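Below: the structure, in structure tokens.
The values are calculated or read from the model by the stated rules, or taken from the named source; none is laboratory data. None of these values were measured; they are calculated from a predicted model. We place every Cβ from the backbone using ideal geometry, glycine too, and count neighbours over all the protein chains shown.
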Amino acid sequence: MASIQLPRRVPSKKQMSWIKSAIFLLCLVPLVRLVWLGVNDGLGANPVEFVERSTGFWALVILLATLSLTPVRLLWGISWQLQFRRMVGLMMFFYASLHITTYLWLDYGFDWSDIVKDIIKHPYVLVGAAAYLLTVPLAVTSNQYMMQVLRQHWKQLHLSVYLIATLGIVHFWWLVKKDIREPLFYAVVLALLLGVRLYYKLRQMKVKVDKARKMKLSALI
């Protein structure tokens, strides 16, 4: 399916440590940028909205980056990058938490009556809140202990990340209203990532069916 060839050599432990540190620092760049702009009065005429948009944008981008790790394995047979999935996923949760905290605290001062009115007036807020609430159990269970406790249910739980991404894009789409080019781009990216997984899932099912048929035929002969 894929014609692009990527190097498959597994990095050494030292290299993996450097890569992990680089990814972590890279994920912090948007936060450092926000702090820098805030200190230097560069957040524009509406600083709260700027912070809300920025943290929400990076939460979505990092989420899609997380979802791309498995398709890379499926397409090119490279799996060492999966070791960073938990860290990158937690960085997504971090920015999503900053996003919703900015909305609840800086934008509405935890005035729940006004927040309810805003949700009624703007349904995209409810969609965004639903997406965030779904990330909470993923963040809580993103450790080895919970993987051992939940076992096969852990994978089923973490499949909700695709629903989270879908809700995040719908939230973004309804937010921008007219100029939908950016959310449309991310919707296409998500569709491609889902398409890769679906293709390989169907291919795997076909192989199993063909194998079962061959075994059945050999038993009849």
Check: List, please: which pairs have Cβ atoms under 6 Å, are six or more places apart or on different chains, and start with a residue in region 100-115 that is touching a residue at least 12 places away in the same chain (Cβ under 8 Å) and within 14 Å of VAL51 (Cα to Cα) and end with one that is hydrophobic (A, V, I, L, M, F, W, C) and assigned to a helix (DSSP H, G or I)?
Finding: THR102/VAL51; LEU106/VAL48; ASP107/VAL48
Notebook entry, point to check: Only one of (1) out of contact with any Phe, Trp or Tyr (no Cβ under 8 Å at 6 or more places or on another chain); (2) within 12 Å of LEU98 (Cβ to Cβ); (3) of a type outside the set (A, V, I, L, M) fails for ARG86. Which number is that?
Noted result: (2)
Next item on the list: Select from region 169-221 the residues that are loosely packed, with under 11 Cβ neighbours inside 10 Å, at pLDDT 80 or above and among the charged types (D, E, K, R) and list them in ascending order.
Entry: LYS178, ASP179, ARG181, LYS206
Next item on the list: Could you identify the single residue in GLN15, GLN83 that is outside any loop (DSSP other than H, G, I, E, B), over 30 Å from LEU198 (Cα atoms) and out of contact with any Leu (no Cβ under 8 Å at 6 or more places or on another chain)?
Entry: GLN15
Check: If we keep just the residues of region 39-74 that are polar (S, T, N, Q) and part of a helix (DSSP H, G or I), which is surrounded by the most Cβ atoms within 10 Å (Cβ to Cβ)?
Finding: THR55
Notebook entry, point to check: Tell me, which helices (runs of 4 or more DSSP H) wholly within region 112-221 include 3 or more residues that are among the β-branched types (Val, Ile, Thr)?
Noted result: 112-121, 123-140, 161-176, 181-220
Checklist line | Unmet requirement for ASN143, which otherwise passes all of (1) surrounded by fewer than 16 Cβ atoms within 10 Å (Cβ to Cβ); (2) under 25 Å from PHE50 (Cβ atoms); (3) not hydrophobic (A, V, I, L, M, F, W, C) | finding: (2)
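Can we say VAL161 is touching a residue at least 60 places away in the same chain (Cβ under 8 Å), surrounded by 15 or more Cβ atoms within 10 Å (Cβ to Cβ), closer than 26 Å to ALA191 by Cβ and β-branched (Val, Ile, Thr)?
yes
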Item checked: Any pair with Cβ under 7 angstrom, 6 or more apart, that starts in region 178-192 at a residue that is in contact (Cβ under 8 Å) with a residue 60 or more places away in the chain and ends at one that is small (Gly, Ala, Ser) and part of a helix (DSSP H, G or I) -> LEU190/ALA165
